[in-house]
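Student: Structure incoming, see below.
No value in this document is a laboratory result; all are computed from the given coordinates. Keep in mind that what you see is a predicted model, and the values were worked out from it rather than measured. When we count neighbours, we look across all protein chains shown, and the Cβ atoms used for this are built from the backbone with ideal geometry, even at glycine.
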Amino acid sequence: MTVFKGYMKILKKNIGLVIIYLVIFFSVAMALQAAASKEHLEDFEKARVDIAVADNDQSTFSHALTDYLKTIHNVSEISSDPSVMQEELFYRNAEYIVQIPKDFYKTCIVQDNPISVTKIPGSYTSFYVDQQINAWLNNVHTYIASGFSQKEAAKAALEQPSSRVSMYQDTETTSETPAYTYYFRYVPYLFLAVLCYSMGYILLAFQKEDIQKRMQASSVSIRRQNLEGLLAMFTIGVGLWLIAVTGAIVMYQKDLLASGVLTYYLLNTFVMMMVSLSLSYLLGLFVKNSNMLNGLSNIISLGMCFLSGVFVPMSVMDKKVLKIAQFLPVYWYEDINETLARYHSVSGNIATDIWKSLGIEVMFALAFVSVILALSKYKRQK
């Protein structure tokens, strides 16, 4: 097992670099877990905007509008002096100022003229408040047209029942993204970074001319040498995969172990490990020195991860970028990961789509292996 031991000795020599990447990976995973644990759907609340009201009417409807806004926002009453309103906006005491005109009922309800408002330029909250004021005015219009008096219409518009929304939950889909989804999203970067560097340094050592001559003159057959090399590669890959899986189980424990899609997560990460292993070996055949290895490893690992949804979720990425990313194996890994995040269990068409994506990942691995064999044969003949 001379070749196998040689692989392990070189890996041991560069173990510090592997540990650094593992520390970075688990630190990011722990930070994501802490952030995800604070985000739950039940914590949702309506945003309360700081609003100032300049009431020039002091009528039943103007008071009703002010009272309505107070139920959903932080409302303060100010004078209609332009300098006061400018000061409120300048010091950000208010994001939105409502100027209720005299004869409010006649001007804005009967004649349907818009209410004068002043907003902070570019503030998205202004559209939020606009919609609520328009909804209140529409309700008042409806009550007046139905024969309500002004007091009755004002009271009815203020007492609008609030809607209650309950999330539908079935046995397959999930309403919240599990925390471990974020962990598995970053796994490709760990595999690519660690394996590209480790396999690169190993192959750099074995591709030295003196080492090649000694191996060819060795009593150990070429076939035996290749088998030991493949065993060493597989051992390194499986070891890294076990570390990643063990880390996930330790961090998420019952949440992960009780998941109905755990098998798919494990299979997806294992196939991704094999893809990364074959790609890293292919990279190692091209590099000539450590500087070249550092450059190519960063380009491949970071570039592929940025394009394929590792660092940026696929849901916010440009569709043109995603079309390009489909030619990369990490895209199909992340596609499976995004699918698993939405389901408690997988069956039917969803399972078919996942197996198709896994098959594409395997095809990438086989393609890399084919190139490796062809390139190795060419180098031996040369």
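Student: Report the label-to-label distance for residue 12 and residue 306 in nanometres (one decimal), using points 7 Å from each Cα along the Cα→Cβ vector.
Tutor: 3.8 nm
Student: Quick one, could you list the DSSP H helices from the chain stretching 27 Å or more along their long axis (Cα atoms) with average Kyte-Doolittle hydropathy of 1.6 or above?
Tutor: Qualifying helices: 15-36, 187-206.
Student: OK, next. Measure up 106/151; 208/377; 13/254 against 25 Å on the Cα-Cα distance and list the ones that go over.
Tutor: Violating the 25 Å Cα-Cα cut-off are 13/254.
Student: Segment 311-355 to segment 243-283: how many Å between their Cα centroids?
Tutor: So the two Cα centres are separated by 16 Å.
Student: Short version: what are the Cα gyration tensor semi-axes of segment 50-158, square root of 5 times each eigenvalue, largest first, in whole Å?
Tutor: 24, 14, 12
Student: Report the label-to-label distance for residue 238 and residue 1 in nanometres (one decimal), using points 7 Å from each Cα along the Cα→Cβ vector.
Tutor: Result: 1.2 nm between the two label points.
Student: Under the 0.36 nm per residue contour assumption, what length would be gained going from the current alpha-carbon distance of residue 156 and residue 226 to full extension?
Tutor: Gain on stretching residue 156 to residue 226: 16.9 nm.
Student: Would you calculate the separation in nanometres between label points at residue 135 and residue 208, each defined as 7 Å from the Cα along the Cα-to-beta-carbon direction?
Tutor: 7.3 nm
Student: Additional query: Rank 106, 288, 320 by mean-square fluctuation in a GNM of the chain with C-alpha springs under 10 angstrom and give only the top-ranked residue.
Tutor: Checking each option, the largest mean-square fluctuation is seen for 106.
Student: Please state the equivalent ellipsoid semi-axes for segment 202-361: what are the square roots of 5 times the Cα gyration tensor eigenvalues, largest first, in whole Å?
Tutor: Semi-axes (√(5λ), whole Å): 35, 20, 14.
Student: Looking at segment 276-382, what % of the alpha carbon pairs are farther apart than 21 Å?
Tutor: Tail fraction, whole percent: 47.
Student: Let's see if you can work this out: charge +1 on each Lys and Arg Cβ, -1 on each Asp and Glu Cβ, no other charges. What is the dipole magnitude of the chain about its Cα centre, in debye to the nearest 20?
Tutor: 3260 debye
Student: Using 0.36 nm times the number of residues separating residue 106 and residue 291, minus their current alpha carbon distance, what extension gain do you get?
Tutor: Here the segment from residue 106 to residue 291 would lengthen by 58.8 nm.
Student: In Å, what is the Rg of the alpha-carbon atoms in the chain, and how long is Dmax?
Tutor: Calculated on Cα positions, Rg and Dmax stand at 31.8, 106 Å.
Student: Using 0.36 nm per residue of separation minus the Cα-Cα distance, give me the extension gain between residue 320 and residue 92 in nm, one decimal.
Tutor: Details: separation 228, 0.36 × 228 = 82.08 nm, distance 3.99 nm.
Value of the extension gain: 78.1 nm.
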